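The values are calculated or read from the model by the stated rules, or taken from the named source; none is laboratory data. Predicted, not measured: the structure shown is a model, and the values here were computed from it. Here the Cβ positions follow ideal geometry from the backbone for every residue, glycine too, while neighbour counts run over all protein chains shown.
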Amino acid sequence: MAQPGEGFDYESRPSNAHSRFKSKEAGVPAYDQHGATPAEADDLLNVLGYQSELTRTRSTWQVAFMSFVLASVPYGLATTVYYPLIGGGPSAVIWGWVTVCLIMACVAISLGEITSVYPTAGGVYYQTYMLSPPRFRTVTAWICGWAYVLGNITITLAVNFGTSLFIVGCVNIFENGDGEGVWDPADWQVFLVFVAITLLCNFIAGGFNKWLPILDTFAVFWTFTGVFAIVICTLVIAKGGRRSASYAFGAVETNSGWIPGWSWCIGLLHGAYATSATGMIISMCEEVREPATQVPKAMVGTIFLNMTCGFIFLVPLVFVLPPIEDVLAAPSPVPYILKISIGNNGGAFALTIPILVLSILCGVCCTTASSRATWAFARDGAIPGSRWWKTVSDRLDVPFNAMMLCMTIEIILGVIYFGSVAAFNAFSGSGVIFLTISYTMPILVSLLTGRKALSQGHYDFGVFGIICNCIAIAWCLFIVPLFSMPAYLPTTADTMNYASVVFVGGVTVSAAWYFIWGRANYQGPPAKEEDVARRRSSIISAH
């Protein structure tokens, strides 16, 4: 049986064999250690063991905008704000968000250093393999790859399912004669809305790939326009009254049943979910013109942009916050807060439109990134049926089969909603856990091996980088048990946090496939660390 990378000849293989970009000087590519042009990026990709199959169209700004839309902070925070409201009240909403952003900045810096050395669509999976000692690299890459792919899929699922629940909350801004929301959907209706949203996101991501950078650019300006509209309207009108600054920034209200400190920490899922897509942008490396420098910049820069945007969005909400018990009883917290603050159903609904549009754009971006991660993992033969999932559609210029695989898994997992109304908690929690584990693995391996590989990249932050590495690893160790806990006590079958169930299910599938097929057949990416270092050095010295 031919294995991934079998027969791969690094010396005889023609450079840039399938590149869609050519050097400006015919036959003489101007090599650079960091891939300073699309052609050079494809040459670096050849060194890393792959041929270019996707078109490099994204500039620094465009990849940064996509990274921003992957987070879609106002939407992500709007759909999960009940976590900090339950866990710690206004202080958890504001300072929990800031805390998570600062931690995720450490994660982004750590991943940025490594990505400047290994900029491929395999992302953290490929990086883990290359950084690990030869004896352990296939096992560590297998674990990281499955965590990364499952994290991409479950986060995309959480985004699309969260949109369906948010739509219900927005519609119920309007009331019937009894003062109740106009729509009390059955579970199957919510599920069908979710399926429709998932199909729409896949249709846009698959059929309009070349227009996505323009869509991302629009989304950035749309986001800030919508946020400022919400800020101005809620604070100026404030029909429900305004809270004091001491309440907005310092009040602690524990409604979860957990002890106060632990309860406050459970509220961190709010920020962790909104920033969980930080490393997903790495899977776009093979569609970025200068991935070794542009992707790290985008990861780090958008963390601080997201933190600013989120802070601006959250502050007015806590200043006009109705009684927390009323907010938690509403179908969706933010539409209810806007309704009370604006005092007009139509006006409140209008303010939710920017968030609704952003939720679809976020779903499109997550669909795009998850399909690339799945395609890259299948390219190395790690997924059952890899020969189907590793193909790229020439007509659409996307890994369409991998995209359809992700969509199918998302819809199947969505059926969990029929068993528990807390399904969204399972999707968001497990997605954060999977992705955080996958982000941490290359960081941990790099740190344990003395960060030696970073000398080949563009970014090495020295002692500061080591500190960031340690914070990122500690964060992973902390949140895996934290986000497996139910949000409040006492726990029932309906309110149980099933994130641990989804997580264990994913681990079981990964482990089973490893023992059935992977242990005897899986070899990892086609390039070996020693080959990459040698080829990279020879390219640089030759030019």
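Some points to look at:
- Restricting 255, 209 to those that are in contact with a strand residue (DSSP E or B) (Cβ under 6 Å, 6 or more places away or on another chain) and in contact (Cβ under 8 Å) with a residue 12 or more places away in the chain reduces the list to 209.
- Residue 93 vs. criteria at pLDDT 90 or above, not hydroxyl-bearing (Ser, Thr, Tyr) and not in a helix (DSSP H, G or I): no
- Taken as a whole, the structure leaves residue 438 outside the set of residues that are in contact with a strand residue (DSSP E or B) (Cβ under 8 Å, 6 or more places away or on another chain) and assigned to a helix (DSSP H, G or I).
- Hits in the range 229-240 (condition: touching a residue at least 12 places away in the same chain (Cβ under 8 Å) and either out of contact with any helix residue (DSSP H, G or I) (no Cβ under 8 Å at 6 or more places or on another chain) or on the phi < 0 side of the Ramachandran plot (or both)): 229, 230, 231, 233, 234, 235, 237, 239, 240
- Taken residue by residue, the range 111-128 has no member that is farther than 27 Å from residue 307 by Cβ, in a helix (DSSP H, G or I) and without any contact (Cβ under 8 Å) to a residue 60 or more places away in the chain.
- Among the criteria (1) over 25 Å from residue 328 (Cβ atoms); (2) surrounded by 14 or more Cβ atoms within 10 Å (Cβ to Cβ), the one residue 221 does not fulfil is (2).
- Of all the listed residues (317, 321), the sole one being more than 21 Å from the chain's Cα centre (by Cα), of a type outside the set (Phe, Trp, Tyr), outside any helix (DSSP H, G or I) and surrounded by 24 or more Cβ atoms within 10 Å (Cβ to Cβ) is 321.
- Positions within the range 68-90 being part of a helix (DSSP H, G or I), over 30 Å from residue 212 (Cα atoms) and of a type outside the set (Ser, Thr, Tyr), in sequence order: 84, 85, 86, 87, 90
- Filter pass, residue 382 being at pLDDT below 95, of a type in the set (Gly, Ala, Ser) and at negative phi: yes
- Residue count for the range 383-420 satisfying the condition of being assigned to a helix (DSSP H, G or I) and of a type in the set (S, T, N, Q): 3.
- Residue 123, sole failed condition from (1) surrounded by fewer than 20 Cβ atoms within 10 Å (Cβ to Cβ); (2) at positive phi: (1)
- Taking every residue in the range 290-311 that is assigned to a helix (DSSP H, G or I) and pairing it with any residue that is surrounded by fewer than 20 Cβ atoms within 10 Å (Cβ to Cβ) and of a type in the set (D, E, K, R), at least 6 positions away or on another chain, yields no pair with a Cβ-Cβ distance below 7 Å.
- When the range 417-432 is filtered for residues that are crowded, with 20+ Cβ neighbours inside 10 Å, aliphatic (A, V, I, L, M) and over 11 Å from the mean Cα position of the chain (by Cα), the ones remaining, listed by number, are 422, 423, 426.
- Criterion (within 16 Å of residue 226 (Cα to Cα), at pLDDT 95 or above and of a type in the set (Val, Ile, Thr)) met by exactly one of 352, 367: 352
- Inside the range 441-481, residues that are of a type in the set (Lys, Arg) and surrounded by 15 or more Cβ atoms within 10 Å (Cβ to Cβ) make up a count of 1.
- Residue in the range 170-186 that is buried (at least 17 other Cβ atoms within 10 Å of the Cβ), assigned to a helix (DSSP H, G or I) and not basic (Lys, Arg) present: yes
- Hits in the range 230-285 (condition: among the aromatic types (Phe, Trp, Tyr) and not in a loop (DSSP other than H, G, I, E, B)): 247, 249, 262, 264, 273
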